[in-house]
Amino acid sequence: MNIMTEPQPPVGDAPAEPRIIGHVLSTAGSQVVALLDNELADVEAVQMGGLVSIRTPHTMIYGIINSLATKMARRRDEGGVVRTAEIGLLGEIAHGASERGAGFRRGVSRLPPLDAPISSVRREETTAVYALPGRPTVTVGNVHQDPDVPARLAINDLLSKHFAVLGTTGTGKSCGITVMLKRILEQNADAHVLILDPHGEYSQAFGDKSEVLTIDNFRLPYWLFNFDEFTEVLFGVRKPDMAAEAMVLREVLVAARMRSAHRNTDPRTITVDSPLPYIFSDLIGRLDAAMGKLDQQRNLQTYLRLKEALTTLRSDRRFEFMFETSLTVRDSLGELLGRLFRVPSDGKPVAIFDLGGIPSEVLNVVVGVVSRLAFDFAFWSRQRIPVLLVCDEAHRFAAQSATDQFALARRALTQIANEGRKYGIGLGIVSQRPSELAANVLSQCNTVFAFRTTNERDQEVLRAAMSDASGAIVASLPYLSNSEAIAIGEGVPVPMRLRFATLPDNERPRSSSAPFSERWNDGDLADESELGRVVTAFRSRRAE
């Protein structure tokens, strides 16, 4: 597949007559203190987050204004005021770069000398700084400094090295992730994307480019579960107290898998975790046969408790999407993997797994199983079919707490975060509570998009995750507008503040809040028929 790259802006030499706004007063590491020209200190370039340039004999260095200060004279006869600015250095463009086919590069080879002139930048320079020449890119909006300068993302670095979209609810995270994926799909029609959607927000966002999977049209068969996942569903919160029952279950599970295995399958390769189909009723039949041979009454209770748990699970209609009651079983592993990871894509490169109808008792297991399957699929495909897994509400499924109810999901997502890059699976996490995310998952996200964040604990986590960003950019976290974000990491050219493009109403995720005032003034909605609909849905566990 040929990957198209967006046209990149030409990169030339330093501007002939830049507008000088000050001079270098001191340097320390990546920070420069500038003495501003009082007559030009109020120009548009001299503002928090503004991009400026510093000319040196060999390069043009670019940086962002992190802070501004004014020192008033103590006495009238001392005259005037002194205005200074702290500038965080981003990178440089070598003189003559256009002739050599080079462009902006991160880092500074030589710090600027004292008294070096500091200038405002032209639009062409700003565009060159925020470009990604030579790499496949997508444009997702514009940079904050100049609405006419596109904000670009590097596709391969963004996806292969994981990314996080973080911020307070209602700030535009869902729209931001939708914009990114839609732009990427425009250039990669045969992509393989799976979105774990806890609230059914994304079902309309990708239109006919996606397949929406629900418990009504998708089956996640029990025989796919490994032993830990199966016992989590079967015993739930009682699992720590069911050690004896688990030992018996292990034996009958292996026997059931071996009985259903293909005749050419080596029995020595079959384990309790092998994804081989077996008939669920065979487990109960083997328990009955074993109980008939028991000669000790105390062991009988273990078998009876296990049989009761299996029977109850099979008869619970809420779990029909996992436990079918048929007397035969079909090996649907290939079909299931194909639907989840869009192989072949058939014009629908995105699978959206709507988790909204899944009972809370097994949500941990379902997310864990699907995430594990994503890793296993990538592992055995050996980068031939790269997959992107996007997990919304990631603070639930990959929480920092070691005792939370989503331990299986956290384990699977952590494995993807730590090892996925080697096997061709990318992870995108979306969360409104970054302080509750597992640190070892967030730390593996090499690109971070931070939307408005007001909680102090969440801000602290974001500051730590965005340590390479300038102080001015990070300081803007509490007052970013909706659809604005701070982006930092491998997927962007330099740390930047950007505004995502606006989506049409029919392509926006359904993440709006309930219109209380409107609904409370519509008496026709709150009648007995509506109450009856709620009762029916409540009992059937099916939302209409």
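At least 1 residues that are under 20 Å from Ala151 (Cβ atoms) and among the aromatic types (Phe, Trp, Tyr) in each: list the strands (runs of 3 or more DSSP E) lying fully within the stretch 419-493 that qualify. Steps first, please.
Values: elements: 425-431, 447-450, 484-489.
Once the strands (runs of 3 or more DSSP E) in the stretch 419-493 are filtered for at least 1 residues that are under 20 Å from Ala151 (Cβ atoms) and among the aromatic types (Phe, Trp, Tyr), what remains is 447-450.
Could you count how many residues in the stretch 265-290 are within 20 Å of Thr231 (Cβ to Cβ) and free of Cβ contacts under 8 Å to residues at least 40 places away in the same chain? Break it down into steps so the answer makes sense when it comes.
At the first step, the residues of the stretch 265-290 found to be within 20 Å of Thr231 (Cβ to Cβ) are 270-287, 290.
Add one more test, that the residue is free of Cβ contacts under 8 Å to residues at least 40 places away in the same chain, and what stays is 270-271, 274, 282-287.
Residues in the stretch 265-290 being within 20 Å of Thr231 (Cβ to Cβ) and free of Cβ contacts under 8 Å to residues at least 40 places away in the same chain: 9 in total.
From the list Leu185, Leu111, Leu181, Leu196, exactly one residue is over 27 Å from Pro478 (Cβ atoms), assigned to a loop (DSSP other than H, G, I, E, B) and either assigned by TED's automatic domain parsing to the domain that holds Gln31 or at pLDDT 95 or above (or both). Which is it?
Within the list Leu185, Leu111, Leu181, Leu196, the selection yields Leu111.
Yes/no per residue for (1) within 22 Å of Thr302 (Cα to Cα); (2) in contact with a strand residue (DSSP E or B) (Cβ under 7 Å, 6 or more places away or on another chain):
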site: Phe206; (1), (2): no, yes
site: Glu211; (1), (2): no, yes
site: Leu220; (1), (2): no, no
site: Gly236; (1), (2): yes, no
site: Glu245; (1), (2): yes, no
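Filter the stretch 441-457 for residues that are over 13 Å from Phe163 (Cα atoms) and surrounded by fewer than 23 Cβ atoms within 10 Å (Cβ to Cβ) and give the result. So that I can check it myself, show each step before the final result.
Quick first cut of the stretch 441-457, residues over 13 Å from Phe163 (Cα atoms) only: 451-457.
Arg452, Thr454, Asn455, Glu456, Arg457 - these are the residues of the stretch 441-457 that are over 13 Å from Phe163 (Cα atoms) and surrounded by fewer than 23 Cβ atoms within 10 Å (Cβ to Cβ).
Take Leu310 and decide whether it is under 20 Å from Glu229 (Cβ atoms) and either surrounded by 21 or more Cβ atoms within 10 Å (Cβ to Cβ) or not assigned by TED's automatic domain parsing to the domain that holds Gln204 (or both). Quick ask: steps written out before the conclusion?
On the way: under 20 Å from Glu229 (Cβ atoms): yes; either surrounded by 21 or more Cβ atoms within 10 Å (Cβ to Cβ) or not assigned by TED's automatic domain parsing to the domain that holds Gln204 (or both): yes.
In short, yes.
Under the condition of being β-branched (Val, Ile, Thr) and at pLDDT 90 or above, which residue from the stretch 76-92 is surrounded by the most Cβ atoms within 10 Å (Cβ to Cβ)? Working first, answer last.
As a first pass, look at the stretch 76-92 and keep what is β-branched (Val, Ile, Thr): 81-82, 84, 87.
Imposing the further condition that a residue be at pLDDT 90 or above reduces the set to 84, 87.
Details: Thr84: 17, Ile87: 28.
Only one residue fits best here, namely Ile87.
Mind checking which helices (runs of 4 or more DSSP H) fall wholly inside the stretch 208-306 and carry at least 3 residues that are within 28 Å of Arg410 (Cα to Cα)? Even if it seems obvious, please write down each step before you answer.
Numbers: elements: 227-235, 243-260, 280-291.
So the answer is 227-235, 243-260.
Of these, Arg330, Arg384, Arg411, which one is without any contact (Cβ under 8 Å) to a residue 60 or more places away in the chain, more than 23 Å from Val441 (Cα to Cα), assigned by TED's automatic domain parsing to the domain that holds Leu442 and not hydrophobic (A, V, I, L, M, F, W, C)?
On the way: Arg330 fails: assigned by TED's automatic domain parsing to the domain that holds Leu442; Arg411 fails: more than 23 Å from Val441 (Cα to Cα).
One residue alone meets the criteria, Arg384.
The values are calculated or read from the model by the stated rules, or taken from the named source; none is laboratory data. No experiment lies behind these values; they were computed from the predicted model shown. Every residue, glycine among them, receives a Cβ derived from its backbone with ideal geometry; neighbour counts consider all protein chains shown.
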